[in-house]
Number of protein chains: 2
Amino acid sequence: MASARDRILDAFEEVLLTEGERAATLDAVASRAGVSKGGLIYHFPSKDLLAHGLCERLTALAAEDAERMRASSEGPARYYIRSSRYLGTPFDRAFVGVARLHQGGVAEAVETIRTIERQWLEILATALHDDDAAHAIKLMGDGLYFQAVYGAGEFAATGGTTPQGDDDLDALLRVVDKIVG
Amino acid sequence: MASARDRILDAFEEVLLTEGERAATLDAVASRAGVSKGGLIYHFPSKDLLAHGLCERLTALAAEDAERMRASSEGPARYYIRSSRYLGTPFDRAFVGVARLHQGGVAEAVETIRTIERQWLEILATALHDDDAAHAIKLMGDGLYFQAVYGAGEFAATGGTTPQGDDDLDALLRVVDKIVG
DNA sequence: GTCTATATTGTGATAGAC
DNA sequence: GTCTATCACAATATAGAC
């Protein structure tokens, strides 16, 4: 069974994704995690530390993802676009959660995202030997994350304005090849 | 002189951009606008209506921008990438403000942004006669806005990870030409 | 480790004077 | 149209029992 700490972070993500940052109060998170507020506070003595916990989780998941990106058989560019779509993976959820946290005034959230973005760009530039192409592809990935942050969870509802289906992904990957080639 | 209503909306934007959604309380906005809370409430009887006012402002500015985009001499694709960079224009400020509002649980904010995005995609697809290229370029613009939302105002500080300078813009526009051509 | 109070502050909103 | 109170409530955090 997952540790209470992890279950609380899961609940925090869940509320952030489905109801937004404003609704992610200690009460709401504790309730969703199935513990009392006091129980939550035992694991995360302050709300800042709860946010810090989610940032740490995201950073760890990002390191694993960067490794997969570097080692990808189809190349980092294609891997990056493929994985930038919102598919509800643990990484996706943590990323969107931290992105939403930013608005709460948590400075660490911006710094965490910025560090991850820097890493992606570096991997792309190294693999492609073309800074301009790397920038362009990085922007496309950011665009996909933009859609995720403004569409994931409850807010998603009626499908986005960007390609998320398999056909659209193939078309997008062809554009990537065109930029790279 | 700008109407009190406009000055309050300006102040609302300013606080949203520099301190985040959480800090954009009625007190903070009133103080920044140079009026009392009661004075603010006279113009915007509730916080939802204040948010509504900013969404309306953004929608109006977006309509003007869409017109310029359609009429652009260099074509909508280049215009779109050029204007998606954060340059602190009234449109940029309203857009980032509304984007930050979203996290506050204001449903109208998401809907407003989604409508604008749909419009952009439509203009691009119509002009390029190539849905895949339109999608890709739209994503690059979203990426630039992503950077803006996570970098504008006080949070900007140390320069982003994406091209914002003139050299980088030129490189980006070359990639756009490559996608379109 | 988890719980039930409770204290404290901040926030949105109302009422009514000027 | 703008102001000064003031209210009601929600949110973080503390204290201490079990």
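General remarks:
- Lysines with Cα under 24 Å of A:K47, excluding same-chain neighbours fewer than 8 positions away: A:K37
- Among B:34-47, B:52-65, A:127-140, the peptide with the highest mean count of other Cβ atoms within 10 Å heads the list, and the full ranking is A:127-140, B:52-65, B:34-47.
- Placing unit charges on each Cβ (+1 for Lys and Arg, -1 for Asp and Glu) gives region A:1-91 a dipole about its Cα centre, and among A:P45, A:P76, A:A23 the Cα reaching farthest toward its positive end belongs to A:P76.
- Legend: mean number of C-beta atoms from other chains within 10 angstrom of residue C-beta atoms, peptide A:101-114, equals 5.
- Chain A - mean residue ellipticity at 222 nm from DSSP helices (-39,500 (n - 2.57) per run, n ≥ 4, rounded to 500): -24000 deg cm²/dmol
- Taking Lys and Arg as +1 and Asp and Glu as -1, the other residues whose beta-carbon sits under 11 Å from that of A:P90 total -4.
- Backbone geometry of region A:82-89 corresponds, through the Karplus equation with coefficients 6.51, -1.76 and 1.60 at θ = phi - 60°, to 3J(HN,Hα) couplings of 4, 8, 7, 5, 7, 10, x, 5 Hz, x marking Gly and Pro.
- Length-normalised contact order for chain A - Cα pairs under 8 Å, 6+ apart - percent: 24
- Helix axis angle, B:107-128 relative to chain B longest principal axis, alpha carbon, degrees: 20
- Spin-label model, A:A66 to A:K37: label points 7 Å out along the Cα-to-beta-carbon direction sit 3.8 nm apart.
- C-alpha long axis of helix A:47-71 to longest principal axis of chain A, angle in °: 30
- Counting only other chain Cβ atoms within 10 Å of each residue's Cβ, the peptide B:126-136 averages 4.
- Of every Cα-Cα pair in the protein assembly as shown, the percent that sits beyond 37 Å: 19
- The Cα atoms of chain B define a convex hull whose projected area, averaged across directions, is 10.8 nm².
- Estimated distance in nm for a label pair at A:E74 and B:S46, the labels positioned 7 Å out from Cα along Cα-to-Cβ: 4.7
- Shielding value for B:20-26 is 4, the average number of Cβ atoms from other chains within 10 Å of each residue's Cβ.
- Against chain A, whose longest principal axis comes from its Cα atoms, helix A:90-102 is set at around 70 degrees.
Quick note: the coordinates plus some simple rules give every number you see, no bench work behind them. Treat the numbers as computed from the prediction; the structure is a model and nothing was measured. All Cβ positions, glycine included, derive from the backbone under ideal geometry; neighbour counts span all protein chains shown.
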